[in-house]
Amino acid sequence: KKNTTKFQKSLEEIERIYTFSEVTQVGNLCFLTGQISKNHQTGKIAEVGIETETAQVIKNIEIVLKTHNIPLKYDVRCTLILSDIEDFSKMNAVYTPFFVDNLTARTTFTANLVVGAKIEIEVNAAKK
């Protein structure tokens, strides 16, 4: 069976101007664009602090997955990008409770992030 590739733009009007897909689906695998802590209602970054930003990023991931009918439990891999590796333990304390039943493969590294974000998370999920 040949895999079909679907490029799915955001359902949010403001996000449609970007030159990338919110989700790319190949067969049953879904690759989400990295999410930062931008609140989708206000367009602003979450209050400064890795804990607050991590919680908002995961909320954003849940919103994107739900929009495309993919439960968070289908997440199979996360790539976490931190602006400062010293934030790792604080980030992990917020991140871990969301992934108790589905221990995803995970990579974490540091980089300079857009708009002063402290964290970005990229997700791959296997849709059933």
- Picked from segment 93-121 (must be touching a Cys at 6+ places or on another chain (Cβ under 7 Å) and either under 20 Å from Lys38 (Cα atoms) or among the basic types (Lys, Arg) (or both)), the residue most open to solvent (accessible area, probe 1.4 Å) is Arg106
- Any hit, segment 77-84, residues being of a type outside the set (Lys, Arg), touching a Leu at 6+ places or on another chain (Cβ under 6 Å) and more than 14 Å from Val115 (Cβ to Cβ): no
- Message: Just to check your reading of the model, which residue among Lys90, Lys59 is in contact (Cβ under 8 Å) with a residue 12 or more places away in the chain, in a helix (DSSP H, G or I) and either open to solvent by 50 Å² or more (accessible area, probe 1.4 Å) or under 12 Å from Glu122 (Cα atoms) (or both)?
- Response: Lys90
- Task: Pull up segment 73-87, narrow it to residues that are in contact (Cβ under 8 Å) with a residue 40 or more places away in the chain and not hydroxyl-bearing (Ser, Thr, Tyr), then point me to the one that is farthest from Gln35 (Cα to Cα).
- Result: Val76
- Message: For segment 73-87: of the residues being open to solvent by 70 Å² or more (accessible area, probe 1.4 Å) and in a helix (DSSP H, G or I), which is farthest from Leu29 (Cα to Cα)?
- Response: Glu86
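The values are calculated or read from the model by the stated rules, or taken from the named source; none is laboratory data. Please read these numbers as outputs of a predicted model, since none were measured by experiment. With ideal geometry, Cβ positions are generated from the backbone for all residues, glycine too; neighbour counts draw on all protein chains shown. Note: areas computed on protein heavy atoms with side chains; ligands, DNA, RNA excluded. Shrake-Rupley method; radii C 1.70, N 1.55, O 1.52, S 1.80 Å.
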